[in-house]
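To start, the structure itself, in structure tokens.
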Amino acid sequence: MKLNRRGKSLLPESSASSDIAFLLIIYFIVIAGFNINKGFLVNLPQKNSTRLILKEDLIRFELDERGALRYQGAEVSRARAEEEIRALIAGRPDRALVLSVAPLAPWQEVVSFVELAQRLNVEAFSFSMMPARDAGGGA
């Protein structure tokens, strides 16, 4: 019994997939030019520089899990926080702004505070997470 065999194609089967692969490479190269990452531009200290900041030069804010800002133990609005920071760094721009963040604080509030510090041209900014037991702005 003789089996019917299909005729062989003139082009190898891999040519179509290599064309598609080549087009995809071109596509991703072109798209990579449009992928712009936006972030915060932060001036980091030089590797061998030392800068001493006294405790009294720290401006401390806390952000609780509700997203409320606290300054000197009292809850303050964003506008009031901006006024306080602006007034405190007006005479002494070398002061450092410190934000303590509760573990469950809304991330957008942290970002907004960092943007505020950047907008006010704060030279030294630091933030840290509050321990879970102290979260919530308790005494």
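Some values worked out for this structure:
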quantity: Which numbered condition GLN72 misses (of (1) surrounded by 13 or more Cβ atoms within 10 Å (Cβ to Cβ); (2) at positive phi; (3) modelled with pLDDT of 85 or more); calculated: (1)
quantity: Condition check for PHE125: part of a strand (DSSP E or B) and within 14 Å of the chain's Cα centre (by Cα); calculated: yes
quantity: Filter result for LEU41 (of a type outside the set (Phe, Trp, Tyr), modelled with pLDDT under 90 and over 14 Å from LEU116 (Cα atoms)); calculated: no
quantity: Hey, ARG86 at pLDDT 85 or above and farther than 28 Å from PRO131 by Cβ or not; calculated: yes
quantity: Single residue of segment 124-139 satisfying the filter (modelled with pLDDT of 80 or more and not aromatic (Phe, Trp, Tyr)) that is nearest to GLU75 (Cα to Cα); calculated: MET130
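The values are calculated or read from the model by the stated rules, or taken from the named source; none is laboratory data. Keep in mind that this is a model prediction, so the values were computed, not measured. So basically every Cβ, Gly included, is an ideal-geometry build from the backbone, and we count neighbours across all protein chains shown.
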